[in-house]
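Asker: Starting off with a structure, shown below.
The values are calculated or read from the model by the stated rules, or taken from the named source; none is laboratory data. Note that the structure is predicted; figures quoted are calculated from it, not measured. All Cβ positions, glycine included, derive from the backbone under ideal geometry; neighbour counts span all protein chains shown. We work out accessible area using only protein heavy atoms, side chains counted, and drop any ligands, DNA or RNA first. Shrake-Rupley method; radii C 1.70, N 1.55, O 1.52, S 1.80 Å.
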Amino acid sequence: MAMTKQIAMKAAAALESKKGMAVRLLEVTEVTTLADYFLICTGTSNTHVKTLCDYVEQVVEENGEKLLHREGHRSGTWVLLDFGSLVVHVFTEEARAFYDLERLWNDATPIALDTAEGND
């Protein structure tokens, strides 16, 4: 499971590097069997959401995890990327507020992200 966390952290860093907003990593192993981690992020537009998804997919696959399922890519307001043990949710601001996954999964354990990494 440590390898999954390491990949989840790299995915979070990838989203932050492309200016993803309000990046949150939740460990959900105690509350669901769907995945070990949920990574949630906001993009500023449908184009930004697509860019974030394409980049995080590339980074996760470079680290040995294959994308199992992608949902919502055409609408661009909420895209779900399922890597098995890691599920990435990228929203527009309005969609994120509407679905409010952090409230839905409030029993999950938030993982601190080192947002200062790479910033001088």
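Asker: Could you tell me which residue of segment 1-34 is most open to solvent (accessible area, probe 1.4 Å), considering only residues that are at pLDDT 95 or above and among the small types (Gly, Ala, Ser)?
Answerer: That would be Ser17.
Asker: Got a number for residues in segment 60-75 being farther than 20 Å from Ser17 by Cα and surrounded by 13 or more Cβ atoms within 10 Å (Cβ to Cβ)?
Answerer: Qualifying residue count for the region: 4.
One line per residue, one yes/no per condition, for (1) without any contact (Cβ under 8 Å) to a residue 12 or more places away in the chain; (2) outside any loop (DSSP other than H, G, I, E, B); (3) on the phi > 0 side of the Ramachandran plot; (4) aromatic (Phe, Trp, Tyr):
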site	(1), (2), (3), (4)
Thr29	no, no, no, no
Leu34	no, no, no, no
Leu39	no, yes, no, no
Asp54	yes, yes, no, no
Glu61	yes, yes, no, no
Lys66	no, no, no, no
Ala97	yes, yes, no, no
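Asker: Next up: Against the conditions (1) part of a helix (DSSP H, G or I); (2) at pLDDT 95 or above; (3) surrounded by fewer than 22 Cβ atoms within 10 Å (Cβ to Cβ), where does Thr47 fall short? Just the number, please.
Answerer: (2)
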